[in-house]
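J.: Handing you a structure now.
Since every read-out is calculated from the coordinates, none of them should be taken as a lab result. What you are looking at is a predicted structure, and each value in this text was computed from that prediction instead of being measured. Here the Cβ positions follow ideal geometry from the backbone for every residue, glycine too, while neighbour counts run over all protein chains shown.
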Amino acid sequence: MAEVQVQEKGGKGGKVRSKKQNTRVDMTPMVDLGFLLITFFMFTTTFSKPNVMDLGLPAKPKDETKKPPPTEIKLSNSISLLLGKDNKIFWHQEDNTSLTDQNLNETSFDREGIRKVIEQAKANAADKTKFTVIIKPTDDAVYKNFVDILDEMAITKSEQYGVTDLKPWEKAIYDKRVGNSGAPAAPATK
Amino acid sequence: MARVKPKRHGVVTDMTAMCDVAFLLLTFFILTTQFKKPDVEQIKPPSSISEKLLPDASLMTINATPDGKFYFQPVENASERVKLLDNMGQKYGITFDNNEKAAFQRVQAIGVPMNQLKSYLDLPEDEQKNFRSPKGIPMDSTNKQLVDWVEQSLKVNPEYKLAIKGDVTTEYPKVKSLFEGLRDIDFLKFWLITSQEGNPNE
């Protein structure tokens, strides 16, 4: 092993003795290799596991809970997010009579965009404990948008949220908006 | 009194003990490592801030490819796989022989409709790997085979957990139909596989 052989200071000429053979083997390279392999296996075991996100769906019969009847949730206590095509996201706090394509606001999937919107809406909510986010992915949305928005819920700690379909009146405005918007805005970065 | 000369030591440390421990650890890691199996199709999961790791439970996985095909990956347990195949066979009126059952135990993921499953399992193993189903497992309002796979698996063992791995560009309506199907069989808790991303609040 890591042994420093002490040189004998013989050399007086006398009898030539047969040298005593040292039986120790230098194990250093083997240990080196061993630790290298350990490191490799340690890293591969921890990194092969993918991350997961919990998702619990509401049970089917209780359909009325996922819809936001205006009697239960006031408009100011809720915000509707529409996930559109090309990674666009729209939000509004209107109902079927007051929603127009002017007050359907477009924003982006990043820190400056949707997160600010949600935080503002939450701060302005009349009753913060009942603040609800209603997520409405359109048929143009992709899976990434859905995961991103769930992520956003986790980041802004909005625990009350629901996923539902677009109402027909929202769909009409959305279609109008997307059709009218002309040149597509820069896609979200996230 | 003669002066006691300090004994000269060689600079030796006994590495045997360390070496033993190191190799013990090495053996442990070698035996416990499970290498990731090659994916049937390339799927890039979306990123999220979630730091939860995929648990070790008996896991079935649904893969959703960018073009909206579904693959079902049954649990690893071979004997339970056979039961699952029997159940599915009963439901769809197909009987499988022993060779096909053996092939089903080895299969990585299923991406064919039930009526093609038999011929798929009859293929030699390397052809199975290269086989790309044009449609995947059907999942729409009239033909919910994907949900049947989940339901029959749960019949074999209700403890199974489900993970869904979707691609960044998978269209939402596809995912929605899957979610609706899962709600129909009252299977409401599952995991979405995501990739790691830093917490942007920090």
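J.: Counting only the backbone N, which residues of the range B:73-90 are under 15 Å from the spot 7 Å out from the Cα of B:LYS101 toward its beta-carbon?
T.: From the range B:73-90, the list is B:78-90.
J.: Once the Cα atoms of the range A:63-180 are picked out, what are the Rg and Dmax in Å?
T.: For the range A:63-180, the Cα radius of gyration and maximum Cα-Cα distance read 13.1, 37 Å.
J.: With contacts defined as alpha carbon pairs under 8 Å and 6 or more residues apart, what's the relative contact order of the range B:62-196 in percent? Kindly include the intermediate steps, with their values, before the conclusion.
T.: Numbers: 157 pairs, mean separation 43.1, N = 135.
Relative contact order here is 32 percent.
J.: Counting Lys and Arg as +1 and Asp and Glu as -1, what is the net charge of the other residues whose Cβ lies under 15 Å from the Cβ of B:SER58? Show your work: numbers first, answer last.
T.: Details: positive: B:ARG81, B:LYS83, B:LYS155, B:LYS161, B:LYS189; negative: B:ASP56, B:GLU76, B:GLU80, B:GLU159.
Result for the local shell: +1.
J.: Using a basic spin-label model with each label point 7 Å from the Cα along Cα→Cβ, how many nm lie between B:ASP186 and A:THR100?
T.: Result: 4.9 nm between the two label points.
J.: Anyone know which of B:MET114, B:MET18, B:MET88 comes out most mobile in the 10 Å Cα GNM of chain B?
T.: Comparing B:MET114, B:MET18, B:MET88 in a Gaussian network model of chain B, the most mobile one is B:MET18.
J.: Okay, moving on. Between A:ASP139 and A:ASN22, what is the label-point separation in nm under the 7 Å Cα-to-beta-carbon projection?
T.: Placing both labels 7 Å beyond Cα along the Cβ direction yields 8.1 nm.
J.: Right, here's the next one. Which pairs break 32 Å Cα to Cα here: A:LYS157/B:LYS83; B:LYS69/B:LYS101; A:LYS167/B:LYS118; A:LYS171/B:LYS155; A:LYS49/A:LYS171? Before the final figure, lay out the partial values.
T.: Numbers: A:LYS157/B:LYS83 43 Å; B:LYS69/B:LYS101 24 Å; A:LYS167/B:LYS118 43 Å; A:LYS171/B:LYS155 40 Å; A:LYS49/A:LYS171 40 Å.
Beyond 32 Å between Cα atoms: A:LYS157/B:LYS83; A:LYS167/B:LYS118; A:LYS171/B:LYS155; A:LYS49/A:LYS171.
J.: Run the quick spin-label model on B:VAL12 and A:ALA123: label points 7 Å from Cα toward the beta carbon, then report their separation in nm to one decimal.
T.: The answer from the label model is 7.3 nm.
J.: Follow-up. In debye, nearest 20: dipole of the range B:1-124 around its Cα centre with unit charges on the Cβ of K, R (+) and D, E (-)? If you can, show how the numbers build up before the last one.
T.: Numbers: 15 positive and 13 negative charges, 173 e Å.
The calculated dipole for the range B:1-124 is roughly 840 debye.
J.: Separate question: Compare B:ALA102, B:ALA22, B:ALA78 in a GNM of chain B, Cα atoms joined below 10 Å, and give the one with the largest fluctuation.
T.: Taking springs between Cα atoms under 10 Å, the residue moving most is B:ALA22.
J.: How large is the direction-averaged shadow of the alpha-carbon convex hull of the range A:98-152, in nm²?
T.: Working: hull surface 19.2 nm².
Mean shadow area of the hull around the Cα atoms is 4.8 nm².
J.: Just report the Cα centroid separation between the range A:136-159 and the range A:23-43, whole Å.
T.: Between the Cα centres of the range A:136-159 and the range A:23-43 lies a distance of 47 Å.
J.: Same structure again: Could you tell me the distance between the Cα centroids of the range B:143-158 and the range B:44-117, to the nearest Å?
T.: If you average the Cα positions of each part, the centres end up 10 Å apart.
J.: Please report, in Å, the Rg and the Dmax of the range B:62-196, where both are computed over Cα atoms only.
T.: In Å, with Rg to one decimal and Dmax whole: 14.3, 43.
J.: May I ask for the Kirkwood hydrodynamic radius of the range B:129-186, worked out over all distinct Cα pairs and given in angstroms to one decimal? Before the final figure, lay out each step's value.
T.: Details: mean 1/r = 0.0785 Å⁻¹.
Roughly 12.7 Å, rounded to one decimal.
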